[in-house]
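One structure is given below, encoded as structure tokens.
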Amino acid sequence: MNGRNGRNETNDSPLANPKPALWKWKNPYLGFVLFGLLLSTLPLFSSSGLMKSSTLNYIGNVLVYAVAALGLNLLLGYAGLISLGTAGFMGLGSYIAAYIAKDMGMSFWAALTAAVLIPTLVGLLIGLISLRIEGIYLAIATLCVSEILLKSFEQADSITGGMQGKSVSYPVLFGHALNRSSTYVLLVVVLTLVMMLTHSLVNGQKGRALHAMRGSEVAAQAMGVNLLQYRLIAFSLATAYSALSGVLYVFFIKFSYPSVWNLNLSLYVLAAVVIGGLRSIYGTIVGTLVVWAVPDLILKNLPIVGKINGLPYIFNGILIIVVVMFAPQGISGLWQRALPFKGKKKEKEAE
Amino acid sequence: MFFEWVFKFEDVFKESIFEYEKNAMGASGAFALERGGIVSNELGTVLQLFMRSLETGSVYALAALGIIVIYRTSNLMHFAQGSLGMFNTFVVTYVFLSFRLPLWASTLCGIAAAIGMGFLVDFLIIRHTKKVSPLAKQIITLGLIMVFLGLAPMLFGVDPLSLPRFLQSGDFNFGIASISHNAVLNISLGLVLMGILFYVLQKTKMGLAVRTTASNEPVARLMGVPTRRVTLAAWALAGVLGCLSGVMIAPTTTVTTSLMDAVQVNALFGCVLGGFQTFYGPVLGAYIIGVGRNFLVYYVSSIWGEQIMYLLILIFLIFRPNGLIGKKFVKKV
């Protein structure tokens, strides 16, 4: 919805820029940079004791998953293709990165490159498959790939450490060994870059082609969109994002267990995308916050709710159901409706 | 000389069985081959494996049937089938351990809880989602997963519990293969239950109502089919099927929140393998996966068998994108 038809819109950053003055700025990238700067100040709060130290972990987690969610949003929101393979590719990225950085002793950059490239190649294969299989069958086919990867993580002890998991240390960048706070800043930088990349992708010619493909494949083909090419692009991008997210995960959390990369994780990422709202970059990040941070950061700290085992998750489940039932367009849809005359314009555009 | 060879064979066989058992007892949660059965030759092994696979298949098939019933009547992919089954298995285990009821009575309690849960889910949530987009609807089942994952430790504690088998001991011996009474019970329970369900679906008025709702919900409502009651019953049925598959799989592992993860995934694969257009397709798919998985794990590789099975499903889907019994879906432009 943002910037469709190549219009240079500035209003896809309402969630992060609640002040009206910022909307009028012509450059949306500035918004992303500001957002990133804002996020990267959090370690200061943490070190000065204004914020609990564990909070930084939770927020960092959210940033990691936000990268994967942005990838899925690209796939689902723009190309209209569904994938349940996110977890498998995240896991693949994390294990490759861990293996290269720890066992082979190579640099962070080598690990990053390989861990993003190899899963992307697998993603290309799924793009090929997606030409034959559709809808819910495609979703389960991607789940199939994810399960194959998951079982391999469990079995290939020599590379993945099997059920015991794999550990790495914080990355070493340009000769500096990072600590928790600086790794967190690295996450913020990567997320900001990914947000910018996504924005430029979907507002360019590729984004328009994907839009057309989602609306009607036949019409898109008639207009000269090469279906194979764009499906491959969509899937390889989504896979690359998930793998990147996996790399960030393993360097921030420092561990990777097979039990993390299961179906539920893929479903959570999907939930984050739908709750945040399709085709909204800031919405996706808010959705990720709702899915991962709300139970740990807010609900667990409530007086009665947080004390009982499991109750925060029940509340979060109910919250997710309620959002889906009463805000089918996600939180970004709610936001657009809340702004009176912008909402009307959006609705018109959506028609 | 001959005896030496026999002993050697037995050792090798036992070792491989043990290897297999370890693998089956792992995260996959499938049924393990029990040691000590009288197996004397290749045919016996095949028969033995086949019967075990039928048992695994029954579990997957029951879960898959629950998924397809919900898919057809409520038009959503039931990702929470496993979690719902897990929760109700916790109910069974809790009743069994705390109130010292016999297992069948505990299972009845679990079934009652499953029906209640199914009613609640439909009554409180699914009924009000007519206007929600199909994609967003799937997310509701995800919310349900979170609720059940939270409810189970809250009500029943975080310690893993264990549930015994229905029939503790006893084997049927066929000379070349043997099967435990409990396995026979599980297999026949699955088959009988599905037989009854398919009879109801195909031959009774009630089944006609379900099939009409499945084929076109608005038109069914116009024709006077009580579609609300049909969906309500479908959710209750899915809950019961999930509970039964949970109770069947529970003795092979411990009752934890991840009890049904493997069942859920395999039931989903069964659904795509069989195709979503019929009620019996997914059941067939689930049995095929149960059999195929065990044979591949035993004969090809205990490490890579499962992955090969999934890869075969993937390749099969490429050639038949709508599953085994799926009809071709013609897209209108």
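The values are calculated or read from the model by the stated rules, or taken from the named source; none is laboratory data. These numbers were taken from a predicted model, which means no experiment stands behind them. Don't worry about glycine lacking a Cβ; one is built from the backbone with ideal geometry, like all the others, and counts go over all protein chains shown.
Can you tell me which residues in segment A:147-171 are more than 8 Å from every other protein chain (Cβ to nearest Cβ), part of a helix (DSSP H, G or I) and not hydrophobic (A, V, I, L, M, F, W, C)?
A:Asp157, A:Ser158, A:Thr160, A:Gly162, A:Gln164
So how many residues does segment B:221-231 have that are under 27 Å from B:Gly85 (Cα atoms) and either in contact with a Phe, Trp or Tyr (Cβ under 6 Å, 6 or more places away or on another chain) or charged (D, E, K, R) (or both)?
Number satisfying all stated conditions: 2.
Quick one: B:Arg165 ticks every box in (1) crowded, with 18+ Cβ neighbours inside 10 Å; (2) of a type in the set (D, E, K, R); (3) more than 21 Å from the chain's Cα centre (by Cα) bar one, so which box is it?
Unmet condition: (3).
Please count how many residues of segment A:126-146 are surrounded by 15 or more Cβ atoms within 10 Å (Cβ to Cβ), at the interface with another protein chain (Cβ under 8 Å from one of its Cβ atoms) and without any contact (Cβ under 8 Å) to a residue 60 or more places away in the chain.
Selection size over segment A:126-146: 9.
Based on what the data block shows, is B:Ala214 assigned to a helix (DSSP H, G or I) and at pLDDT below 90?
Answer is yes for this residue.
Could you tell me whether segment B:183-201 includes any residue that is surrounded by 20 or more Cβ atoms within 10 Å (Cβ to Cβ), hydroxyl-bearing (Ser, Thr, Tyr) and within 20 Å of B:Tyr287 (Cα to Cα)?
Looking for residues that are surrounded by 20 or more Cβ atoms within 10 Å (Cβ to Cβ), hydroxyl-bearing (Ser, Thr, Tyr) and within 20 Å of B:Tyr287 (Cα to Cα), one finds none in segment B:183-201, hence no.
Within the group A:Ala209, A:Ala219, which residue is within 14 Å of chain B (Cβ to nearest Cβ) and without any contact (Cβ under 8 Å) to a residue 24 or more places away in the chain?
Of A:Ala209, A:Ala219, the one residue that is within 14 Å of chain B (Cβ to nearest Cβ) and without any contact (Cβ under 8 Å) to a residue 24 or more places away in the chain is A:Ala219.
Tell me, yes or no, whether segment B:99-111 has at least one residue that is without any contact (Cβ under 8 Å) to a residue 24 or more places away in the chain and in contact with a Cys (Cβ under 9 Å, 6 or more places away or on another chain).
Yes, some residue in segment B:99-111 is without any contact (Cβ under 8 Å) to a residue 24 or more places away in the chain and in contact with a Cys (Cβ under 9 Å, 6 or more places away or on another chain).
In segment A:315-331, which residues are in a loop (DSSP other than H, G, I, E, B) and more than 7 Å from chain B (Cβ to nearest Cβ)?
Correct list: A:Ala327, A:Gln329.
Quick check on this structure: which one of B:Leu189, B:Leu201, B:Leu185, B:Leu197 is farther than 18 Å from B:Ser53 by Cα and touching a Leu at 6+ places or on another chain (Cβ under 8 Å)?
Of the residues listed, the single one that is farther than 18 Å from B:Ser53 by Cα and touching a Leu at 6+ places or on another chain (Cβ under 8 Å) is B:Leu197.
For segment A:266-279, state whether one or more residues are in contact (Cβ under 8 Å) with a residue 24 or more places away in the chain, under 30 Å from B:Phe156 (Cα atoms), away from every other protein chain (no Cβ under 14 Å) and in a helix (DSSP H, G or I).
Looking for residues that are in contact (Cβ under 8 Å) with a residue 24 or more places away in the chain, under 30 Å from B:Phe156 (Cα atoms), away from every other protein chain (no Cβ under 14 Å) and in a helix (DSSP H, G or I), one finds none in segment A:266-279, hence no.
If the requirement is being assigned to a helix (DSSP H, G or I), surrounded by 24 or more Cβ atoms within 10 Å (Cβ to Cβ) and away from chain A (no Cβ under 14 Å), which of these qualifies: B:Gly246, B:Gly285?
That would be B:Gly246, the only listed residue that is assigned to a helix (DSSP H, G or I), surrounded by 24 or more Cβ atoms within 10 Å (Cβ to Cβ) and away from chain A (no Cβ under 14 Å).
Looking at segment B:108-160 only, could you name the residues that are over 23 Å from the mean Cα position of the chain (by Cα) and of a type in the set (Asp, Glu)?
Result: B:Asp159, single match.
Restricting attention to segment B:301-319, report how many residues are at pLDDT below 85, more than 7 Å from every other protein chain (Cβ to nearest Cβ) and crowded, with 16+ Cβ neighbours inside 10 Å.
1
Go over the candidates A:Thr192, A:Thr120, A:Thr142 one by one and state the one that is within 30 Å of B:Leu273 (Cα to Cα), touching a Gly at 6+ places or on another chain (Cβ under 6 Å) and part of a helix (DSSP H, G or I).
One residue alone meets the criteria, A:Thr142.
What number of residues within segment A:37-56 are in a helix (DSSP H, G or I), under 24 Å from the mean Cα position of the chain (by Cα) and without any contact (Cβ under 8 Å) to a residue 24 or more places away in the chain?
Residues that pass the stated criteria total 4.
Checking B:Val263 against (1) crowded, with 24+ Cβ neighbours inside 10 Å; (2) within 12 Å of another protein chain (Cβ to nearest Cβ); (3) part of a loop (DSSP other than H, G, I, E, B), which test does it fail?
Of the numbered conditions (1) crowded, with 24+ Cβ neighbours inside 10 Å; (2) within 12 Å of another protein chain (Cβ to nearest Cβ); (3) part of a loop (DSSP other than H, G, I, E, B), the odd one out for B:Val263 is (3).
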